[in-house]
Amino acid sequence: MKIVILDGYSENPGDLSWEGFEKLGELKVYDRTPLNDEAEIIQRMAGADVVITNKTPVSKKAIESSPDLKYIGLLATGYNIVDYKAAREKGIPVTNIPTYGTDAVGQFAIALLLEICHHIGHHDWAVKEGRWESCPDFCFWDYPLIELAGKTMGIIGFGRIGQCTGRIAKALGMKVIAFDGMPNDAGAKIADYVSLEKLFSNSDVISLHCPLFPETQGIINKENISKMKDGVIIINSSRGPLIIEQDLADALNSGKVFAAGIDVVSVEPIKGNNPLLKAKNCIITPHIAWAPKESRGRLMEIAVNNLQEFIAGKPVNVVN
């Protein structure tokens with residue numbers, strides 16, 4: 001069995017092992033494959049029985065040009081970069097990694113929030129630049145410092161990651177409310193389920209943890225921002241297109257939104273014309289909430305197990 005991994009570097013920059021896949025067949029790993037070069041993608045898929053991808057798109061043409069292809073595996077939860085309908089027509093299962101980074105992403109959402117509240121990185125830099133040494137007072141700060149206890153966090157999308165984030169927020173003394181299309185008993189133990197309108201109007205902090213669906217795309221927009229409290233904080237470690245970026249930038253610049261912590265944007269890597277790059281009080285990180293070694297290790301184990309189960313005739317985590 002020939003196994004081709006189209007873009008392995010983000011999952012394994014050298015601190016993990018591909019041994020699990022190597023035991024299952026002849027393995028070829030590409031660190032990166034040009035995302036917009038369909039001809040190159042097709043060439044690299046040639047002769048492969050198994051194709052594994054993270055963010056390299058696998059189009060209908062690529063699938064139809066790969067007569068030996070029997071299986072497509074994602075090194076991610078999202079699977080929109082694969083034409084899974086075309087794969088289904090060919091009888092090719094597409095599998096994803098449904099749960100691997102719950103704790104890491106929940107932790108990161110709170111890290112973004114704490115950075116907004118204290119600007120620790122900035123103040124560390126200021127100390128090392130000599131500003132504390134030359135300060136006439138025993139302390140100084142350049143940004144408002146915010147205590148979270150007693151404030152309300154509204155979480156949009158209250159699945160595993162949303163609930164993890166909610167538990168940490170409660171440990172900080174915050175009240176947690178949530179909006180989700182499928183409320184459940186586990187979530188009700190952490191948060192009060194409310195309507196989306198009530199969440200917008202009552203939250204001091206809004207954290208996004210919902211999938212990208214037509215009904216959630218652009219959910220943070222000018223109209224909905226107008227329903228929020230003045231000075232709200234917005235966190236997004238989920239999907240970039242959940243936010244209309246120009247609308248958020250305008251709200252940051254006007255002060256309607258006090259601050260935002262963003263780990264994802266609509267086009268990645270970020271482009272220089274993204275309005276959030278020049279918006280006031282906006283922290284942007286390069287899509288790394290998922291990336292601790294521990295969570296990537298779990299991802300690798302699940303990806304290998306997905307392929308093992310397919311080989312055994314018992315495919316799991318099939319999305320098509």
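Here is how the numbers come out for the structure above:
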{"item": "Charge-dipole axis of the range 214-303 as Lys and Arg at +1 and Asp and Glu at -1 on Cβ define it, positive-most pick from Ile270, Gly231, Leu242", "result": "Gly231"}
{"item": "Contact order relative to length of the range 242-318, as percent, for alpha carbon pairs under 8 angstrom and 6 or more apart", "result": "27 percent"}
{"item": "Accessible surface of the range 54-135, 1.4 Å probe, proportion on carbon and sulfur as whole %", "result": "52 percent"}
{"item": "Percent carbon-and-sulfur accessible area, the range 189-237, ignoring ligands, DNA and RNA, probe 1.4 Å", "result": "50 percent"}
{"item": "Those aspartates and glutamates that a straight Cα-Cα span of less than 16 Å connects to Lys70, excepting residues fewer than 8 apart in one chain", "result": "Glu26, Asp49, Asp83, Glu89, Glu309"}
{"item": "Proximal lysine pairs, the range 200-320, alpha carbons under 22 Å, eight or more residues apart or interchain", "result": "11"}
{"item": "Heavy-atom accessible area ranking, 1.4 Å probe, most first, across Arg298, Arg167, Arg160", "result": "Arg160, Arg167, Arg298"}
{"item": "Proximal charge balance of Ala48 [Cβ under 10 Å; K/R count +1, D/E count -1]", "result": "+1"}
{"item": "Rounded tilt (10° steps) of 293-311 against the dominant C-alpha axis of the chain", "result": "30 degrees"}
{"item": "Test item: Cα-centred dipole of the chain, Lys/Arg +1 and Asp/Glu -1 on Cβ, debye", "result": "540 debye"}
{"item": "Rel. contact order, % - alpha carbon contacts under 8 angstrom, at least six apart, the chain", "result": "16 percent"}
{"item": "Whole-Å semi-axes of the ellipsoid equivalent to the range 1-51 (Cα gyration tensor, √5λ, descending)", "result": "19, 15, 5"}
{"item": "Heavy-atom accessible area ranking, 1.4 Å probe, most first, across Arg239, Arg44", "result": "Arg239, Arg44"}
{"item": "Distance (nanometres) between label positions extended 7 Å along Cα→Cβ at Ser134 and Lys170", "result": "4.9 nm"}
{"item": "Per residue, in Å², the accessible surface of the range 62-152 once ligands and nucleic acids are set aside, probe 1.4 Å", "result": "54 Å²"}
{"item": "Summed side-chain charge close to Gly162 - residues other than Gly162 whose Cβ falls under 14 Å, Lys, Arg +1, Asp, Glu -1", "result": "+2"}
{"item": "Rounded accessible area per residue of the range 273-320, 1.4 Å, Å²", "result": "54 Å²"}
{"item": "Theoretical FRET efficiency, 1/(1+(r/R0)^6), r = Cβ-Cβ of Asp15 and Glu40, R0 30 Å, to 0.05", "result": "0.65"}
{"item": "Amide H partners (placed H, <5 Å) of Lys229, local residues excluded", "result": "Ser203"}
{"item": "Residue-span extension gain [Ala186 to Lys70] - 0.36 nm each, minus C-alpha spacing", "result": "38.0 nm"}
{"item": "Positive minus negative residues near Glu89 (Lys, Arg vs Asp, Glu; Cβ under 11 Å)", "result": "+2"}
{"item": "For the range 196-291, alpha-carbon Rg and Dmax in angstrom", "result": "12.2, 35"}
{"item": "For the range 139-225, alpha-carbon Rg over 2.2 N^0.38 Å", "result": "1.16"}
{"item": "Additional length obtainable on full extension of the chain from Lys198 to Ser254, 0.36 nm per residue less Cα span", "result": "17.9 nm"}
{"item": "Between helix 245-254 and the chain: long-axis angle, C-alpha atoms, 0 to 90°, nearest 10", "result": "10 degrees"}
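The values are calculated or read from the model by the stated rules, or taken from the named source; none is laboratory data. Nothing here was measured: the structure is a model prediction, and the numbers come from that model. No Cβ is skipped: glycine too gets one built from the backbone with ideal geometry, and neighbour counts run over all protein chains shown. Note: accessible area is taken over every heavy atom of the protein model, side chains too, but ligands, DNA and RNA are not part of it. Shrake-Rupley method; radii C 1.70, N 1.55, O 1.52, S 1.80 Å.
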